[in-house]
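Undergrad: Handing you a structure now.
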Amino acid sequence: MKRIQINFFTGSAMAMLMLFSSGCSKILEEQPRSIYEPGFFKTEKGVLGGLTSQYAHLRYIYGQAYYYNTGETGTDEVTWAQSADENFKVMDVSNQGVITPANSRADVLWGAAFSNINTASGIIENAAVVGISNALIAEAKFFRAFDYFMLVQTFGGVPLDLGAGELKFNTTPSRTSVRNTVPEVYTKAVFPDLLAAVNDLPDNPRVNGGVTKTAARLYLAKAYLTYGWWLENPNNIPTYPQADRTDPDGHNAQWYYQQAYDVAVAGISNPGSFTLQQTYYDVNLGSNDRNKEILLFADHTETSEFYNAASLTYSNGGAPDNFAGWMMTWNYTNIRSSSSSSSWAAVSSVQRAATQPLGRPWTRMCPTIGAIKNTFADKTNDSRYDGTFTTVYRGNWDKAGMSGSLYNANYMQVNPNGAILTFLDDEPGTSIDYSNSTYKSNVGAGVLPGRADFVVSPNGISRIVYPGLWKLGVYRTDNGTGLGQPNAASTRPFNIAKFSELYFIAAEAAVKGATPQAGKSARELINVIRARAGKWRWNNNGNVALSADNSAAMIAATPATIDIDYILAERSREYYGEGYRWYDLVRTQKWASLAGTYQIGGINYGDHTPQTVTRDIQPYLYLRPIPQGQIDGMDMTAEEKANYQNPGYQ
């Protein structure tokens, strides 16, 4: 049978909507187009259309829950939850299945990235001929480098030649492929394109969400940092295709660490229109989306299904929908209160709603106990725990048309918006009664004397009941007085890159030996972030205004000398659950040491005994497998296909 699957797309945007940028608009306007024929790029309209599709392709990667899972599950932040299927369990590498080329959902990145790379090459080759400015060409170079950087971190060396030559626009289907080495991908593709982007992109975005010089500096600094670690290879992690840990340009790891530091500091010193938000709460607050801290996002909107590229009322879960936030949302809708003050007459008191603390529950991923207790140990001074998780589930039965009060733990009266179930910050001095012999929480939560809310302590979280991920929760303005559209995918943008990360990159490079500038040592840089984390304007889970500045306490608690483990702990506090973690642990080769064991309760309601789980994190797992669909689609011998695949996955 003749093969019809090819290994690389020929300028197609994966049958998605093509986006056009209008000359005077500050938004990206969309027109439907399923494929780009070669001649299309020889017109100004075609180049601009292809350019805007670079932004659209982000929606096929970010917010796609199965790819999101690959960046979190199996780390010290996240494990699989009660309703997880194979896609989630295998990523935990804890004897729940084996990661294979067929079940690894890193295929999401592979397919979207290579299609977009080819489109970017078509733009770059034709833009100058049709009179497009260097600034617009730089946008395509940014995205080509962005995709190659994500690919090389995930898979190791990947092809630079898609069938027409290295970094050339390919117009003919190709069924053979050769992988370049990691140094070749960085030095031929990632660094040159990002250097051009830094040089030619504007300080301020040409459209809302457009890439800028600051975004390019962030990714250039991060690429330098990552490549420096790769050259150093402190734990002898294997690479593929096999290559010496030497740089073609003759630089060593320390040179790249210094470059990472210098470029990141240049980004901090020359921010353009970007800045840190005043409080951590405001960074991820739904009503404050697209704020000045966000350098890059995969956009969505509630104003139009067409522009949203997804239904506004229902989603089955699939790209380009933004449904990542469902994964760490447990089934809080099983919480029950009572309509009677003397006998238990169950009523659904916390109903599914399109609000940031709630949303649609899928129970596929959950936080580890260590993340709750250790990563976020300081829940008093540091606002980031409060700005990350939903820890208080409040009654909303009135939004469903039910009136009056209900009765909860200890048969105490509760009113709409009152606390129904609370995940405690710490273990209480009084033992929690989890017996549920009198009060039926229905989800195995416990009771403390004098409290109307059911409670679960940090040691009591499990794979079925755990704090939800507030920061990715849904936000809509069209709920009215009801529950809204909680079954739709999120209409929020998915944040990809933040201005704050420049501080972390520079700090990590300084810890690795880069010579710092005055006032910008690793500790001083981290303390900028920690000081911000100490500022409160709102107690999220208390649902009350809170004006507090704990910056001095946060700074004082920073160790005099910080190391990589401390940098990683701070990164987890800042970016918990945002898809960074696996890449951070792989870059620093700390995956096995920091995530080799974890604790979590079981899969049944009432499971409150922490179980210690050991992961089998082998060195080959530091690369994801080349997707099976890619292997199957190539006209190569069995031996050639085996050699194309990463070791450990053949």
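The values are calculated or read from the model by the stated rules, or taken from the named source; none is laboratory data. Remember, predicted model here, so these are calculated numbers, not experimental data. Cβ sites come from the backbone with ideal geometry, for glycine too, and all protein chains shown count toward neighbours.
Undergrad: Output the number of the condition that T172 fails; it satisfies all remaining conditions of (1) touching a helix residue (DSSP H, G or I) at 6+ places or on another chain (Cβ under 9 Å); (2) under 30 Å from E639 (Cα atoms); (3) outside any helix (DSSP H, G or I).
TA: (1)
Undergrad: Counting only residues that are among the aliphatic types (A, V, I, L, M) and buried (at least 22 other Cβ atoms within 10 Å of the Cβ), which one in the stretch 479-509 is farthest from G401 (Cα to Cα)?
TA: Of the residues in the stretch 479-509, the ones among the aliphatic types (A, V, I, L, M) are 483, 488-489, 496-497, 502, 505-507, 509.
Retained after the next criterion (residues that are buried (at least 22 other Cβ atoms within 10 Å of the Cβ)): 488-489, 502, 505-507, 509.
Values: A488: 21, A489: 24, L502: 48, I505: 50, A506: 53, A507: 52, A509: 56 Å.
Among them, the one singled out is A509.
Undergrad: Restricting to the stretch 380-418, and then to whatever is more than 16 Å from Q356 (Cβ to Cβ) and acidic (D, E), can you tell me which residue is surrounded by the most Cβ atoms within 10 Å (Cβ to Cβ)?
TA: D382
Undergrad: Could you list all residues from the stretch 101-132 that are in contact (Cβ under 8 Å) with a residue 60 or more places away in the chain, surrounded by fewer than 19 Cβ atoms within 10 Å (Cβ to Cβ) and not in a helix (DSSP H, G or I)?
TA: A102, V129, V130, G131
Undergrad: While we're looking at this one, here's another question. Any residue at all in the stretch 590-605 that is of a type in the set (D, E, K, R) and either part of a helix (DSSP H, G or I) or closer than 29 Å to Y224 by Cβ (or both)? Before you say what the answer is, go through the steps one by one.
TA: Going residue by residue through the stretch 590-605, those that are of a type in the set (D, E, K, R) are 590.
Within this subset, residues satisfying the condition of being either part of a helix (DSSP H, G or I) or closer than 29 Å to Y224 by Cβ (or both) are 590.
Yes: one or more hits.
Undergrad: Report every pair of residues separated by at least 6 positions or lying on different chains whose Cβ atoms are under 6 Å apart, first residue within the stretch 69-90 and farther than 16 Å from L472 by Cα and in contact (Cβ under 8 Å) with a residue 24 or more places away in the chain, second assigned to a loop (DSSP other than H, G, I, E, B) and of a type in the set (S, T, Y).
TA: Listed pairs, sorted by first residue: T79/T368; A81/T363; Q82/T363; S83/T363.
Undergrad: Looking only at residues in the stretch 210-255 that are surrounded by fewer than 21 Cβ atoms within 10 Å (Cβ to Cβ) and charged (D, E, K, R), which one is farthest from G648 (Cα to Cα)?
TA: It comes out as D249.
Undergrad: Can you spot a residue in the stretch 41-56 that is modelled with pLDDT of 95 or more, under 18 Å from the mean Cα position of the chain (by Cα) and either of a type in the set (D, E) or at positive phi (or both)?
TA: no
Undergrad: If I ask for residues that are acidic (D, E) and buried (at least 17 other Cβ atoms within 10 Å of the Cβ), which ones from the stretch 510-558 would you list? Steps first, please.
TA: Taking the stretch 510-558 as the starting set, the residues that turn out to be acidic (D, E) are 524, 549.
E524 - this is the single residue of the stretch 510-558 that is acidic (D, E) and buried (at least 17 other Cβ atoms within 10 Å of the Cβ).
Undergrad: Then there is this: Out of V198, V207, V182, report the one residue that is touching a Lys or Arg at 6+ places or on another chain (Cβ under 6 Å), crowded, with 18+ Cβ neighbours inside 10 Å and either more than 24 Å from Q54 (Cα to Cα) or touching a residue at least 12 places away in the same chain (Cβ under 8 Å) (or both).
TA: Details: V207 fails: crowded, with 18+ Cβ neighbours inside 10 Å; V182 fails: touching a Lys or Arg at 6+ places or on another chain (Cβ under 6 Å).
Testing whether each residue is touching a Lys or Arg at 6+ places or on another chain (Cβ under 6 Å), crowded, with 18+ Cβ neighbours inside 10 Å and either more than 24 Å from Q54 (Cα to Cα) or touching a residue at least 12 places away in the same chain (Cβ under 8 Å) (or both) leaves just V198.
Undergrad: State which residue pairs qualify: first residue farther than 14 Å from S521 by Cα and inside the stretch 549-563, second residue of a type in the set (K, R) in any location, beta carbons under 6 Å apart, and separation of 6 or more residues or different chains.
TA: Final answer for the pair search is D549/K535; M554/R530.
Undergrad: Which of the residues belonging to the stretch 591-650 are among the hydroxyl-bearing types (S, T, Y), buried (at least 16 other Cβ atoms within 10 Å of the Cβ) and under 26 Å from A112 (Cβ atoms)? Reasoning before the result, please.
TA: The first filter runs over the stretch 591-650 and keeps only residues among the hydroxyl-bearing types (S, T, Y), leaving 593, 597-598, 605, 609, 612, 614, 620, 622, 637, 644, 649.
Now narrow it down to the ones that are buried (at least 16 other Cβ atoms within 10 Å of the Cβ): 598, 605, 622, 644, 649.
Result: Y622, Y644, Y649.
Undergrad: On to the next question. Of all residues in the stretch 377-404 being touching a Phe, Trp or Tyr at 6+ places or on another chain (Cβ under 6 Å) and in a loop (DSSP other than H, G, I, E, B), which is nearest to S338 (Cα to Cα)?
TA: Residue satisfying both the conditions and the ranking: T391.
Undergrad: Does R476 qualify as being surrounded by fewer than 21 Cβ atoms within 10 Å (Cβ to Cβ) and of a type in the set (K, R)? Walk me through how you get there before you give the answer.
TA: Values: surrounded by fewer than 21 Cβ atoms within 10 Å (Cβ to Cβ): yes; of a type in the set (K, R): yes.
Criteria met by R476.
Undergrad: Cβ-Cβ distance below 6 Å, separation of 6 or more or different chains: which pairs start in the stretch 369-391 with a residue that is among the basic types (K, R) and end on one that is in a loop (DSSP other than H, G, I, E, B)?
TA: Close Cβ pairs (under 6 Å, with a partner that is in a loop (DSSP other than H, G, I, E, B)) amount to K379/Y385; K379/D425.
Undergrad: Then there is this: Go through (1) modelled with pLDDT under 95; (2) touching a strand residue (DSSP E or B) at 6+ places or on another chain (Cβ under 6 Å) one by one and return the number of the condition N436 breaks.
TA: The failed condition is (2).
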